[in-house]
Amino acid sequence: MYTDEEIRERLSKYGAVYLPEDIKEDIDDIKGNEDKKDRLDDFFKGLKKYEDISEQLKKTKLSPSLTLLLFGPPGTGKTSLTRAYAKQYEIAMCVVESDRLVSPLLGDTIKNIRNVVELAADIAKENGAFLLFFDEIDAIGSERSNIHEVGEIKRAVISFLQVIDKVNYEGTPLAIFGATNHQHQLDSAIWRRFTFHLKFDFPNYELRKEIIESYLDKIKNANIGVDDTIYKRLDQEYVKIREIHTNLEGKLGREISEFEDNLLWNEIEKKKDVQGFLKLTIGYSGSDIERGTRVALFKVIQTGVLTYDIFYDSLKLVGGTAVHVERQDILSHSKQRKGKEKYTSSRPPTSGPPEI
């Protein structure tokens, strides 16, 4: 049986260790993602009861793979929601940081991957259900056919697949999660090894309203003044956008989402009277809104009251994640295109990625 101190000491070299009592997030604190919450709730219930039914599962020779891939833009709740469920179901976890695994020294990356998974598996065998969360898994699981990747990373992908297969085969109560903001870069075999895939998106205007209101409520509950006109103007803006949304769907004869080819926001741009938080925060993640709220609090300490202008300026200052993601994607595609042109001119193309 591993003690809490031993778990912290041995796994901390790979990332942050969270025991249930360490985790601050509660599920209710994280707005939206209701479909993801249902899936995660089922997963954690199964993980918690896994040991009780493991013998029966072995007889079927169909032991379930305790693997889950979370993908989508940064700041949309992948890590925080996982932590919240680990807290609720009292399961310890380690968030593995990719930069602690990937090494410039030949063979060290593979050794680090094997060591962290084998250690977590041993903890799970001794202590019960445990969760290993690989943050930015694309750093060790990128497409093996990518011409820019060195052989070391290609071997790391194979090693990662092998250790996952071993854990699944032995029926160990170890859940392995992977999170990425660059799902298109993941090796196809990595995708297949993860049984469940959960996509996280930027919050739509309805959810952003909930998130903004939740942070305003937290400030009020801390006995800090909040100008009531913030709520009033937020409600007015929401009603106008909802009306435009409904009318547009009526004209098109179908439902549309906020992020579908900018149809909704192009229509809103025509209405000059629609201005406010919801329009400003298009492409903001929940984390972006939280950062904006923190910035506003610094000013409120001096003024004593959170006003509409202070909150608006603070949100505008931090900016939205979507802009940065788009820039990174453009740069990434540009580099890949140039690399392919160079590669094609210097040597013949291969027939495809190597088989496992």
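The values are calculated or read from the model by the stated rules, or taken from the named source; none is laboratory data. The shown structure was predicted, so the numbers you read here are calculated from the model rather than taken from an experiment. Because the Cβ atoms are built from the backbone with ideal geometry, glycine has one as well, and the counts that use them run over all protein chains shown.
The requirement of being out of contact with any strand residue (DSSP E or B) (no Cβ under 7 Å at 6 or more places or on another chain), of a type in the set (S, T, N, Q) and closer than 25 Å to LEU40 by Cβ is fulfilled nowhere in the stretch 215-226; no residue meets it.
Taking GLY250 as the residue in question, decide whether it is at pLDDT 90 or above, over 26 Å from TYR231 (Cβ atoms) and not charged (D, E, K, R). Answer is yes for this residue. Candidates in the stretch 203-251 are the residues that are among the polar types (S, T, N, Q) and under 19 Å from LEU315 (Cα atoms); of these, the one that is surrounded by the fewest Cβ atoms within 10 Å (Cβ to Cβ) is THR229.
Kindly indicate whether TYR312 is surrounded by fewer than 17 Cβ atoms within 10 Å (Cβ to Cβ), touching a helix residue (DSSP H, G or I) at 6+ places or on another chain (Cβ under 8 Å) and in a helix (DSSP H, G or I). Here the answer is no, as TYR312 does not meet what is asked.
Give me a count of the residues in the stretch 169-188 that are in contact (Cβ under 8 Å) with a residue 40 or more places away in the chain and outside any strand (DSSP E or B). Lay out the reasoning, then the answer.
Step one: list which residues in the stretch 169-188 are in contact (Cβ under 8 Å) with a residue 40 or more places away in the chain, which gives 169-183, 185-188.
Applying the additional criterion that residues be outside any strand (DSSP E or B) yields 169-173, 181-183, 185, 187-188.
Residues in the stretch 169-188 being in contact (Cβ under 8 Å) with a residue 40 or more places away in the chain and outside any strand (DSSP E or B): 11 in total.
Of all residue pairs spaced 6 or more apart or on separate chains, those with beta-carbon atoms under 8 Å, a first member in the stretch 286-306 that is more than 17 Å from GLY225 (Cβ to Cβ) and in the same structural domain as ILE212 (by TED's automatic domain parsing) and a second member that is among the basic types (Lys, Arg) and not in a helix (DSSP H, G or I) are GLY286/LYS31. Of all residues in the stretch 178-219, those satisfying the criterion of being β-branched (Val, Ile, Thr) and in the same structural domain as ASN262 (by TED's automatic domain parsing) are ILE211, ILE212, ILE219.
Checking each residue in the stretch 215-245 for being within 31 Å of the chain's Cα centre (by Cα) and of a type in the set (Asp, Glu) picks out ASP217, ASP235, GLU237. Filtering ILE268, ILE310 for residues that are under 30 Å from ASN223 (Cα atoms), hydrophobic (A, V, I, L, M, F, W, C) and at pLDDT 85 or above leaves a single hit, ILE310. Here the condition is being within 15 Å of THR79 (Cα to Cα), of a type in the set (Phe, Trp, Tyr) and under 20 Å from the mean Cα position of the chain (by Cα); of TYR18, TYR14, it holds for TYR18 alone. For the stretch 255-285, a tally of residues being farther than 22 Å from THR229 by Cα and free of Cβ contacts under 8 Å to residues at least 40 places away in the same chain returns 13.
How about the stretch 3-47: which of its residues are touching an Asp or Glu at 6+ places or on another chain (Cβ under 8 Å) and either in the same structural domain as GLU210 (by TED's automatic domain parsing) or among the charged types (D, E, K, R) (or both)? Once the filter is applied, which keeps residues that are touching an Asp or Glu at 6+ places or on another chain (Cβ under 8 Å) and either in the same structural domain as GLU210 (by TED's automatic domain parsing) or among the charged types (D, E, K, R) (or both), the stretch 3-47 yields only LYS31. Against the test of being surrounded by fewer than 20 Cβ atoms within 10 Å (Cβ to Cβ), in contact with a helix residue (DSSP H, G or I) (Cβ under 6 Å, 6 or more places away or on another chain), at pLDDT below 95 and polar (S, T, N, Q), the options SER54, SER65 yield a single qualifying residue, SER65. Across the stretch 92-108, not a single residue is classified as part of a helix (DSSP H, G or I), of a type outside the set (D, E, K, R) and crowded, with 22+ Cβ neighbours inside 10 Å. Go through the residues of the stretch 159-167 one by one and say whether even a single one is modelled with pLDDT of 90 or more and of a type outside the set (D, E, K, R). No, every residue in the stretch 159-167 fails to be modelled with pLDDT of 90 or more and of a type outside the set (D, E, K, R).
Among the numbered conditions (1) in a helix (DSSP H, G or I); (2) at pLDDT below 95, the only one that ASP235 does not meet is (2).
Could you list, in sequence order, all residues of the stretch 4-40 that are of a type in the set (Lys, Arg) and either in contact with a helix residue (DSSP H, G or I) (Cβ under 8 Å, 6 or more places away or on another chain) or in a loop (DSSP other than H, G, I, E, B) (or both)? Before you say what the answer is, go through the steps one by one.
Initially, the stretch 4-40 is screened for residues of a type in the set (Lys, Arg), giving 8, 10, 13, 24, 31, 36-37, 39.
Across the stretch 4-40, the qualifying residues are ARG10, LYS13, LYS24, LYS31, LYS36, LYS37.
Note on the stretch 258-303: enclosed helices (runs of 4 or more DSSP H) holding 1 or more residues that are surrounded by 12 or more Cβ atoms within 10 Å (Cβ to Cβ), hydroxyl-bearing (Ser, Thr, Tyr) and out of contact with any Asp or Glu (no Cβ under 6 Å at 6 or more places or on another chain) are 286-303. Against the criterion of being in contact with a Lys or Arg (Cβ under 6 Å, 6 or more places away or on another chain), modelled with pLDDT under 90 and on the phi < 0 side of the Ramachandran plot, VAL325 does not qualify.
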